[in-house]
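K.L.:
Mind looking over this structure? Questions follow.
The values are calculated or read from the model by the stated rules, or taken from the named source; none is laboratory data. Bear in mind the structure is a predicted one, so any value in this text is a computation, not a measurement. Every residue, glycine as well, gets a Cβ built from its backbone with ideal geometry; the counts of neighbours run over all protein chains shown. Areas reflect the complete protein model, heavy atoms only, side chains present, ligands, DNA and RNA absent. Shrake-Rupley method; radii C 1.70, N 1.55, O 1.52, S 1.80 Å.
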Amino acid sequence: MKSIGFVGVGIMGKPMVLNLIKAGFEVSVYARTKAKVDDVIKEGAMFCNSIRECAKGKDAVITMVGFPEDVREVYFKDDGILNSAEEGTYLIDMTTTSPTLDKEIAWEAEKRHMHALDAPVTGGDFGAKTGTLSILVGGKKEEYEYCRPVFEAMGKTIVYFGESGKGQHAKLANQIVIAGTLCSVCEAMSYAENEGIELHTLFAAISDGAAGSTQMKKVASLALDENYNPGFFIKHFVKDMKLAQGEAEKVNQKLPVLEKVLDMYQKLEKEGKGNLGTQALIQYYRDKKRSDME
């Protein structure tokens, strides 16, 4: 495998493209606005004016877009990936999206003698930049094995979970864990603030103990500095939680922690904060405190 088309060159996609180039792959990229990908073009990526051009004649096409509707559009529209890629092409969707949608893509790809994998990632923008993402893969085992060099260029932990859609289910389980952890970190901050505890001192004391987590170290430090720049957008986390909620509802499963955290983030999104990073959940607690005092 040598040539790769990449659709979705954003906060996560850009460093993933750069790591593929560093690993020796020939990478073509598509973006609606060329100026937004000038930085990766300077590093060796080839710009395509359309998805069709980006997909045609490639060994693999990777997608890393925002929402399920974006995934459906880039794969299924008339000049999309499925109608543009050639037989034998590997289609790798690394967006966090609906397991059902990625199974549909796999079904359509097989009919066209292509190969499809769902391979959502976790690790945030830092993991994308350092090439240490965790990549959770669903699809046929032999196709996963063939694509391992591609995954290894972008990630450190690469795990195969089974048939198409299983990678997405694994990612949604990951998001459920993160939801609960983010909420507990921000709730602890709120509690400690109310009691007059100095927060930097608190988290320095507990972050390496039993309560410690990656989310604590990352979210707490950003929130304490009132840095709400997105490593991961609130709007995308809301999307992920709603996907997990929808999958659970299909089997009559209740996810009370997820539902509570989703409600908090949806309130922030309604306030116009969807483009902030997930660490902005602390604002929910501070807003609630102010409201309770009025």
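K.L.:
Inside segment 23-53, can you point out the residues that are closer than 22 Å to P120 by Cα and part of a strand (DSSP E or B)?
P.N.:
E26, V27, S28, V29, Y30
K.L.:
Same structure again: Looking at L20 and the list (1) free of Cβ contacts under 8 Å to residues at least 40 places away in the same chain; (2) farther than 21 Å from T97 by Cα; (3) in a helix (DSSP H, G or I), which single condition is not satisfied?
P.N.:
In the conditions (1) free of Cβ contacts under 8 Å to residues at least 40 places away in the same chain; (2) farther than 21 Å from T97 by Cα; (3) in a helix (DSSP H, G or I), L20 misses (1) alone.
K.L.:
Sticking with this structure for a sec: If we scan segment 190-198, do we find a residue that is closer than 24 Å to V257 by Cβ and open to solvent by less than 50 Å² (accessible area, probe 1.4 Å)?
P.N.:
Yes: one or more hits.
K.L.:
Continuing with this model, one more query. Show the residue pairs that are 6+ apart or on different chains and have beta-carbon atoms under 8 Å apart, the first residue being within segment 272-289 and more than 14 Å from A220 (Cα to Cα), the second being part of a helix (DSSP H, G or I) and among the aromatic types (F, W, Y).
P.N.:
Y284/Y265
K.L.:
Which of the residues spanning segment 1-26 are farther than 19 Å from S134 by Cα, under 20 Å from the mean Cα position of the chain (by Cα) and either open to solvent by 60 Å² or more (accessible area, probe 1.4 Å) or β-branched (V, I, T) (or both)?
P.N.:
I4, V7
K.L.:
Filter segment 257-288 down to the residues that are under 21 Å from A188 (Cβ atoms) and not in a helix (DSSP H, G or I), then identify the one that is least open to solvent (accessible area, probe 1.4 Å).
P.N.:
G277
K.L.:
Here is a further query. Scan (1) assigned to a helix (DSSP H, G or I); (2) under 19 Å from the mean Cα position of the chain (by Cα) for the single condition G66 breaks and write down its number.
P.N.:
Single failed check for G66: (1).
K.L.:
Taking segment 94-145 only, how many residues are in contact with a Phe, Trp or Tyr (Cβ under 9 Å, 6 or more places away or on another chain) and among the polar types (S, T, N, Q)?
P.N.:
3
K.L.:
Please count how many residues of segment 210-234 are among the small types (G, A, S) and modelled with pLDDT under 85.
P.N.:
Counting residues in segment 210-234 that are among the small types (G, A, S) and modelled with pLDDT under 85 gives 2.
K.L.:
Mind counting the residues in segment 221-256 that are surrounded by 14 or more Cβ atoms within 10 Å (Cβ to Cβ) and more than 13 Å from the chain's Cα centre (by Cα)?
P.N.:
Of segment 221-256, the ones surrounded by 14 or more Cβ atoms within 10 Å (Cβ to Cβ) are 221-224, 228, 230-245, 247-248, 255.
Within this subset, residues satisfying the condition of being more than 13 Å from the chain's Cα centre (by Cα) are 221-224, 228, 242, 244-245, 247-248, 255.
The total comes to 11.
K.L.:
Something else about it: Cβ contacts < 6 Å: first residue among the hydroxyl-bearing types (S, T, Y), restricted to segment 71-82; second residue surrounded by fewer than 23 Cβ atoms within 10 Å (Cβ to Cβ), any location; separation 6+ or different chain. Result?
P.N.:
Y75/L82
K.L.:
Suppose the filter is among the hydrophobic types (A, V, I, L, M, F, W, C), open to solvent by less than 60 Å² (accessible area, probe 1.4 Å) and closer than 24 Å to S134 by Cα; does L182 pass it?
P.N.:
Working: among the hydrophobic types (A, V, I, L, M, F, W, C): yes; open to solvent by less than 60 Å² (accessible area, probe 1.4 Å): yes; closer than 24 Å to S134 by Cα: yes.
Judged against the criteria, L182 is a match.
K.L.:
N229 is checked against (1) in a loop (DSSP other than H, G, I, E, B); (2) under 30 Å from G165 (Cα atoms) and fails just one. What number does that condition carry?
P.N.:
Among (1) in a loop (DSSP other than H, G, I, E, B); (2) under 30 Å from G165 (Cα atoms), N229 violates only (2).
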